[in-house]
Every structure is written in C-alpha cells, then in structure tokens.
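The structure appears right after this line, and notes come after that.
The values are calculated or read from the model by the stated rules, or taken from the named source; none is laboratory data. Quick caveat: nothing in here was measured; it's all calculated off a predicted structure. Note that we place each Cβ from the backbone using ideal geometry, even for glycine, and neighbour counts take in every protein chain shown.
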Amino acid sequence: MSAAGPVAWHRFETLSDASEALAEAVAIRLRAALAERGSALIAVPGGTTPARFLAALGERDLAWDKVTLLPTDERFVSPDDAASNERMIRAAFAPLNKGRARFLSFHGHGDDLDAAARVLSSQLAALPPIDILISGMGADGHIASLFPGDDAALAAPDPVQAVAARPAGLPPRISLSPARLAASGWAALLVAGPDKAETLASAQALPAAFPVGLLLGRPQGLDVYWAKA
C-alpha cells in the first residue's frame, strides 16, 4: 500500500471565508484541467454546508460548458424532494441552474436501490477519474454516504464505482464508492466546527476506524478547509 500523502490544513474564522477560499482554489485547478485536457469532472457534496462554496464557485469566470458536476452521494428520493442533494446543488450553483454546465444525475435509474447503484456504477466506469473532489464530513467521520458500520458499502471492491448505502437509522442512499473517491486527482474536505476538527484529529490517529480515513490515507494527499464556526 502506498504511503499517505500530506494533509494540508486551511483554517478560517467563518464558513463563508473557508468557502470563498476553497472556491478560488478549485477554480484555479479547474482552469488548469481545462487547459490541459479540454474538460473536467468535479464531484461535490450535498447538505447545507457546501451551499456557499457552490455559489462562490459559480461566480468564477470559467468555461463551464466543458465542466461536468456530479454529487458525491444522493438520497434515494425524487430529484425534487427537499432532501435531494441534486436539488440543492442545482439551486446553489448558478452555471448548472442556467444550463451552462453538465450534470451527472444519480436519479432516474429505477426504484430498486441495488439495481440503480449498478447502473450508475457502469456509467461512472466509462468516465475518467474525478479531477476534483470536494467532500463534506459528518461528526461520525462519514464521507459521501459511506457511514461507519455500513460494511457492505465500505468494503465494495475496487471495480465498483457506486454503491447502495444503508446507514443505520437513516434513509437509503447511493454513494460514490471508496475506490472512486480515493482515486480523485485533488481532494478537499470542507468542514466547520470544533467537533469535526476533533473527529479529524481522531481519524488522523486511527484512519481505519473512520470512513474519512479513505481520504486521509490517499497518496495524493488531502486539503482540509476548516471553519471555526
């Protein structure tokens, strides 16, 4: 196994400041990817924390028509459901809302969770690696929809690109697989609050005990954008 790369911490007083800084860092890397290959693939999280980051990124002047977004995970609900990550991403990210960027939806693959995950996995296998991965993290150390204790999702073999996730006590979801997440070119974690800093410290000491250890252990390294509040 390759040695883990460096973990770079970027600390900010507010989530707004962290979001703006991350948006600028991502924009720089997207421009480089577009100049080199003419296209770029970026995975972004759902939830409430990344909304400001997505809004700030959407304000950057880029060739968005050559950029494809996809969520890191999605709840197994309709795309217009209030809990849908796609719904939040489309609302927060102006280039997508205006039809200027492409989007790989996790929806529309039927009503069977496992079958839908297999269809999505096949679609992802035809795409290049993710150029840029932005992930959130829960206080329990989960990333995307890879939760502690969901052994079936966490142990998916490397060829699998998307997994059916059944976290205990929560609605089912589809998530990018451990292998797909770990293979991303540049990865950043956007988190806020002292509890998550504490979780990350624990995960750095014992990566195997937390799903976020998948990112902490990447040979490509990880950038952490942490906001005090």
Give all pairs with beta carbons closer than 6 Å in which a residue from region 9-21 that is assigned to a helix (DSSP H, G or I) meets a residue that is among the charged types (D, E, K, R); count only pairs at least 6 apart in sequence or on separate chains. 16/52; 19/52
Residue selected from region 65-83 under the condition touching a residue at least 24 places away in the same chain (Cβ under 8 Å) and of a type in the set (Gly, Ala, Ser), by the criterion surrounded by the fewest Cβ atoms within 10 Å (Cβ to Cβ): 78
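Yes or no, residue by residue, for (1) under 23 Å from residue 67 (Cα atoms); (2) modelled with pLDDT of 95 or more; (3) buried (at least 21 other Cβ atoms within 10 Å of the Cβ):
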site	(1), (2), (3)
88	yes, yes, no
113	no, yes, no
125	yes, yes, no
131	yes, yes, yes
136	yes, yes, yes
141	no, yes, yes
145	no, yes, yes
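Residue 43 - would you say it is crowded, with 16+ Cβ neighbours inside 10 Å, touching a strand residue (DSSP E or B) at 6+ places or on another chain (Cβ under 8 Å) and at pLDDT 95 or above?
Working: crowded, with 16+ Cβ neighbours inside 10 Å: yes; touching a strand residue (DSSP E or B) at 6+ places or on another chain (Cβ under 8 Å): yes; at pLDDT 95 or above: yes.
For residue 43, the condition - crowded, with 16+ Cβ neighbours inside 10 Å, touching a strand residue (DSSP E or B) at 6+ places or on another chain (Cβ under 8 Å) and at pLDDT 95 or above - is met.
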If I filter region 49-69 down to residues being in a loop (DSSP other than H, G, I, E, B) and of a type in the set (Asp, Glu), which single residue comes out as nearest to the chain's Cα centre (by Cα)? 59
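Suppose the filter is farther than 26 Å from residue 15 by Cα, under 17 Å from the mean Cα position of the chain (by Cα), touching a residue at least 40 places away in the same chain (Cβ under 8 Å) and surrounded by fewer than 14 Cβ atoms within 10 Å (Cβ to Cβ); does residue 219 pass it? Break it down into steps so the answer makes sense when it comes.
Working: farther than 26 Å from residue 15 by Cα: yes; under 17 Å from the mean Cα position of the chain (by Cα): no; touching a residue at least 40 places away in the same chain (Cβ under 8 Å): yes; surrounded by fewer than 14 Cβ atoms within 10 Å (Cβ to Cβ): yes.
Judged against the criteria, residue 219 is not a match.
Would you call residue 35 loosely packed, with under 15 Cβ neighbours inside 10 Å, without any contact (Cβ under 8 Å) to a residue 12 or more places away in the chain and of a type outside the set (D, E, K, R)?
Working: loosely packed, with under 15 Cβ neighbours inside 10 Å: yes; without any contact (Cβ under 8 Å) to a residue 12 or more places away in the chain: yes; of a type outside the set (D, E, K, R): yes.
So residue 35 fits the description; yes.
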With criteria (1) touching a helix residue (DSSP H, G or I) at 6+ places or on another chain (Cβ under 9 Å); (2) surrounded by 19 or more Cβ atoms within 10 Å (Cβ to Cβ), residue 120 comes up short on (1)
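So that you can scan it fast, the table gives a plain yes or no per residue for (1) in contact with a helix residue (DSSP H, G or I) (Cβ under 7 Å, 6 or more places away or on another chain); (2) hydroxyl-bearing (Ser, Thr, Tyr); (3) closer than 25 Å to residue 15 by Cα:
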position	(1), (2), (3)
124	yes, no, no
127	no, no, no
154	yes, no, no
158	yes, no, no
165	yes, no, no
173	no, no, no
181	yes, no, yes
195	no, no, yes
200	no, no, yes
Filtered residues of region 167-182 (kept if within 14 Å of residue 74 (Cβ to Cβ), touching a Lys or Arg at 6+ places or on another chain (Cβ under 8 Å) and without any contact (Cβ under 8 Å) to a residue 40 or more places away in the chain): 167
